[in-house]
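The values are calculated or read from the model by the stated rules, or taken from the named source; none is laboratory data. Owing to the predicted nature of the structure, the values given are computational and were not obtained by experimental measurement. Glycine also receives a Cβ, built like all others from the backbone with ideal geometry; neighbour counts cover every protein chain displayed.
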Amino acid sequence: MYSRRSPRRHSLEPAAPIAALWLALTLLASTPSPAAAQPRDQQRATPPRESAGALPRNVERLDSLGGITQYRLKSNGMTILLSRNDAAPVVTFEVVYHVGSRNEAPGTTGSAHLLEHLLFNKSTKNFGRARGQRTFQEVLFQAGCDFSSTNMTTGYDRMNGYSTLPADKLELAMRIEADRLGRALILDSERQPEMTVVRNEYEIGENNPARALYKAVVGAAIVAHPYHWDPLGYRSDIEGVSTEALRQHYRDFFWPDNAEAILVGDFDTATALRMFDREFGSFPRSSKPVPSVITVEPPQEGERRVIVRRPGEVGLVKIGYMRPSSLHPDFIPLDVLSTILGSGVNSRLYQALVEKGFATGVSASNYALRDPFPILIDATVAQGVSHQKVEDAMKAALYAVGRDGVTPEELARAKSQLEVTVIRGRDGTYELAASLGEAVASANWKWFLQYVDTMNRVTAEDVRRVAATYLIPDHATVGWFVPAKADGKKPQKAAGAGGSTESSASSGRSAGEPAHATFAQRTLHRVLANGITLDVLANHAVPTVAVHGIVLAGRMHTPWEKPALGQLTAMMLERGTKTLDKRAIAARLDGVGARLHVTADMYGATIQGSSLSRDTKLLLSVLADEMKSPAFSDSELTKAKAEMKTDVLRAFDDTRQRAFDRLSQIAFPVGHPYHARSKDETLTSIAAARPADLRAFHKDRYVGASTYLAIVGDVDPARVAALVDSLLDDLPRGSRPDVDMPRVPRARPSHEAVALAGKANMDLMFGAASGLRRKDPDYEASLVANAALGQSSLSSRLGKRVRDTEGLTYNIYSRFTMTDFLDGVWLADVAVAPANLGKAMKSTREVIESYCKDGITEEEVATQKSFFAGNYRVQLATNAGTAQALVLAEKFGYGPSYLDEFPDRVGRVTREEVNAAIRAHLDPTKLSIIVAGDLEKFPE
């Protein structure tokens, strides 16, 4: 379906949210070389306010559409798109560079991505260690940015750099991107350690079977065009490209007339344009034409097939069919087709494969790119089913569309889903900037703004025609991932061949916190008669609504011998009620482009919903029906168990998850909720679950006293509160579960290996029981303590040494985790190549020991406070984010006022309190060390 193509992220962070408020609520130089490159000196958007006389002399206004205005610097041709949105005191500034992996050749593949790493945090004229100055990430971190709000990414068509930060930091964001554009030093002394970081990123991707199959299929589908290889490039090119080649790449492509800027948020137009002219106006145009791509992919003349065999647990089938570029008239009809094929329970592929038990998951992806690329169809093979049977079923479903067409209902549903997806793409400063950035890279900015109008003109015949034109047997590239038994052999150094991964961090910025009113003042807070805690907050910036909820019905609330019960119960809620079956629920939601999902983890069932504000009643009505009257049918439970089994098998093939599981088994005794179960224990629990078990658990735990709901968006709070009360008033009150247990003493440290054969990357994890709980008085001090040590993979003590200086890892971080109700663990995790394991272990241990011995500095305390204060404003600038924060604050008994109080809580933390928290919760002599990967025993 419609999608910004998934960019290659510069940095990989843990899957759990890492922003300041989420942490608060849930966890939580040398002289340059002479050879160095020489620096070259339809949302309710607020319309730009400017007059012709207010523009700087070097700026001209070009065009305007949909609340977005384009300007250009006369001196060098660089353009900027402006969209004002003052719903929150934040801005997103992005620069898109028209250079990606399509601008490379064999021998220099991955150059754009490696160059991006150097531009992301290495030295320029005004930043970086080469000249004794602070790095980009140190400066941005202090301004409140982490990897959820500032990054650089590289894809097939483009590189970009962006920051979402408090509005008063706009000039800093522009100054940073200007240095990246024209003042990078590109030093060999900085390339060498960064090369190993990028190589480790490549190795992390090689651990993922789905990623390996993606690269194989795209590489077989595209044989001539540069999309053939992955944006990371081939391993040999990553290792072998010279610093001078990277400098030449920089000189070829990094010019203002080959870049486009985007600014969205709370700013004054005239002031912002003066900043833009001041920072970027002095750069000259490119003195010669920027190199272009001339290779055209030749037609495919028969089916192509690839098989990837390596150790794994779950089979996969992927089929690609070449289709035209995003600007081709058939691209948007293909978007409609891919939505009909793969989006939701009522999609063709779901009905043909998942419903029949052939697969546990399906999808269809149609990435917007400047040149032709395959539409990709995916299926996760169910246990005991052959790859061939899955492939045949996929092809039958695909070819039926070209033969028989689609129904009016399918067409209308797909259009609604796509329209709401586009509206969500304008819901906040980051989302709009990102949407515009991807459109600029693959088409043009008006393409995004005109997408819905173009899509609404698509007919059922258009969909049948494009299916018959592009989804044909001779144009298929079929790939299988076949799990192989581990044989102890080391993995080959596979050469990557195409693809870009999904982005890891994103959030729209729309809810905000106007200075004239606090969250406590603006939030309608009620405890309903049956015990449900409800918060409703109005934000009329965009016609959308976000719903977030938690029901205390997670793994820690289940009997020890039934660990799968909580997750299976949550999974079953959207699989049918006593009044609506699964397809009827999906039809109601998909028909208006609404989303509603319930998942479960250790602490509870999490509800996430969104829709256009006009459909709030429909969304909440479906939620109420699922909460009160799930059907728990035998047939749907069988499918849910198959899907959960697949998820478990995948998790047991993941190095990070396996290291964490072993750490939790060491830290917590058998019987403790945090003690991880074995694969056999979990699979046995899944197999044993019966509908009666789920009904009993639902009756006991899905009650008002255990339920917390927040609704944020374009709503009338009083009316919505009354609606929720009427829909859920007959949910039994019940009681909130008591999970209090004695604190767990630190166990004797252990050094262990978790063997996972065939993995190119390892996870090295240090950790121990922390003794820290969310309601402890030193919680905020502990946040600050950990932030200085390992919050950021680049600006923390661990990041600076192990990644940025020594280049031993792509991803390193530390966290206090599992602190919600009981005391959890502190851990540090390092992704590392086997050859670097010893060095990474030594360096990480030394940093931890030094920090615990010497404590935090006053400068570090000030930096972390500044980070939390700025990051707080950014992370509360989304409807969904604010709803989540309200629910978490209510869960811990703080109420909406906590969202106002958090900056002061952190601001009052002293150095003495932080050092006391280090002594209380982090003892380097008690840390266990776990290594998960391709090894048989813990290294000496």
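A few notes on this one:
- Count - residues of segment 813-849 that are at pLDDT 95 or above, among the charged types (D, E, K, R) and in a loop (DSSP other than H, G, I, E, B): 1
- Verdict on G593 being in a strand (DSSP E or B) and in contact with a helix residue (DSSP H, G or I) (Cβ under 8 Å, 6 or more places away or on another chain): no
- Scope segment 95-111; condition over 22 Å from V440 (Cβ atoms) and among the β-branched types (V, I, T); matching residues: T108, T109
- Pair list, Cβ < 8 Å and 6+ apart or interchain, from segment 263-290 residues that are under 20 Å from H98 (Cα atoms) and assigned to a helix (DSSP H, G or I) to residues that are among the basic types (K, R) and modelled with pLDDT of 95 or more: E279/R175
- Looking only at segment 392-426, and only at residues there that are of a type in the set (D, E, K, R) and under 25 Å from A368 (Cα atoms), the one that is surrounded by the fewest Cβ atoms within 10 Å (Cβ to Cβ): K395
- Evaluated against (1) assigned to a loop (DSSP other than H, G, I, E, B); (2) out of contact with any strand residue (DSSP E or B) (no Cβ under 7 Å at 6 or more places or on another chain); (3) surrounded by fewer than 21 Cβ atoms within 10 Å (Cβ to Cβ), K937 falls short on exactly one condition, (2).
- Some residue of segment 734-755 being touching a helix residue (DSSP H, G or I) at 6+ places or on another chain (Cβ under 9 Å) and within 30 Å of L618 (Cβ to Cβ): yes
- So S148, is it buried (at least 24 other Cβ atoms within 10 Å of the Cβ) and within 30 Å of P226 (Cα to Cα): no
- Criterion (at pLDDT 95 or above and at negative phi) met by exactly one of E303, E313: E303
- Whenever a residue of segment 732-751 is at positive phi, its partners that are assigned to a loop (DSSP other than H, G, I, E, B), lying with C-beta atoms within less than 6 angstrom and at least six residues away or across chains, give the pairs G734/V703.
- Residues (within 25 Å of A105 (Cα to Cα), under 33 Å from the mean Cα position of the chain (by Cα) and surrounded by fewer than 17 Cβ atoms within 10 Å (Cβ to Cβ)) located in segment 256-308: V290, P291, S292, V293, T295, V296, R305
- Taken residue by residue, segment 696-706 has at least one member that is outside any helix (DSSP H, G or I), surrounded by 15 or more Cβ atoms within 10 Å (Cβ to Cβ) and in the same structural domain as M627 (by TED's automatic domain parsing).
Conditions (1) small (G, A, S); (2) closer than 28 Å to A443 by Cα; (3) buried (at least 24 other Cβ atoms within 10 Å of the Cβ), marked per residue:
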{"position": "Y156", "(1), (2), (3)": "no, yes, yes"}
{"position": "G161", "(1), (2), (3)": "yes, yes, yes"}
{"position": "L181", "(1), (2), (3)": "no, yes, yes"}
{"position": "S189", "(1), (2), (3)": "yes, no, no"}
{"position": "Y202", "(1), (2), (3)": "no, no, yes"}
{"position": "N207", "(1), (2), (3)": "no, no, yes"}
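- Pick from segment 764-812, criterion outside any helix (DSSP H, G or I) and β-branched (V, I, T), ranking: surrounded by the fewest Cβ atoms within 10 Å (Cβ to Cβ): I812
- Between A920, A880, A916, the distinction of being outside the structural domain of I607 (by TED's automatic domain parsing) and either within 30 Å of the chain's Cα centre (by Cα) or not in a helix (DSSP H, G or I) (or both) belongs to A880 only.
- Filtered by the rule that a residue be part of a strand (DSSP E or B) and within 30 Å of H675 (Cβ to Cβ), segment 534-569 gives H548, G549, I550, V551.
- When T109 is tested against (1) under 20 Å from L263 (Cα atoms); (2) assigned to a loop (DSSP other than H, G, I, E, B); (3) in contact with a helix residue (DSSP H, G or I) (Cβ under 6 Å, 6 or more places away or on another chain); (4) hydroxyl-bearing (S, T, Y), just one condition goes unmet, and that condition is (1).
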